[in-house]
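Structure, as C-alpha cells:
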Amino acid sequence: MVHIRFEGRSIDVTETQVGIAPGMNDVAVKERVAQHLDVNCDRLSSYVIDRRPSGDLIIRPEAVYG
C-alpha cells in the first residue's frame, strides 16, 4: 500500500496502480507518484518517503517543527 499526503489530500493506492516496484529509490518513487498525481516532479522534491517494516510507503511533506 502507498499512502500519499499531498496538498491536504490523503490518497491510498497500491504499488501497481502507481507503478512502484520493490527496491526503487526515492527519486524513482517520487517520479511515479508525480505522474500519478499529474504534477511536475519538483513539487515532491521536499517530500519524505517513509518505508514501513510492513512494506507500505508513506509519501508526505517534510515535517517542520519550531
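Values in this text are rule-based calculations from the coordinates and carry no lab data. Please read these numbers as outputs of a predicted model, since none were measured by experiment. Note that each Cβ is placed from the backbone with ideal geometry, even for glycine, and that neighbours are counted across all protein chains shown.
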If you take just the strands (runs of 3 or more DSSP E) that sit entirely in region 3-66, which of them hold at least 3 residues that are within 10 Å of the chain's Cα centre (by Cα) and among the aromatic types (Phe, Trp, Tyr)? none
Here is a check on your reading of the model: is Val64 touching a Cys at 6+ places or on another chain (Cβ under 9 Å) and not acidic (Asp, Glu)? no
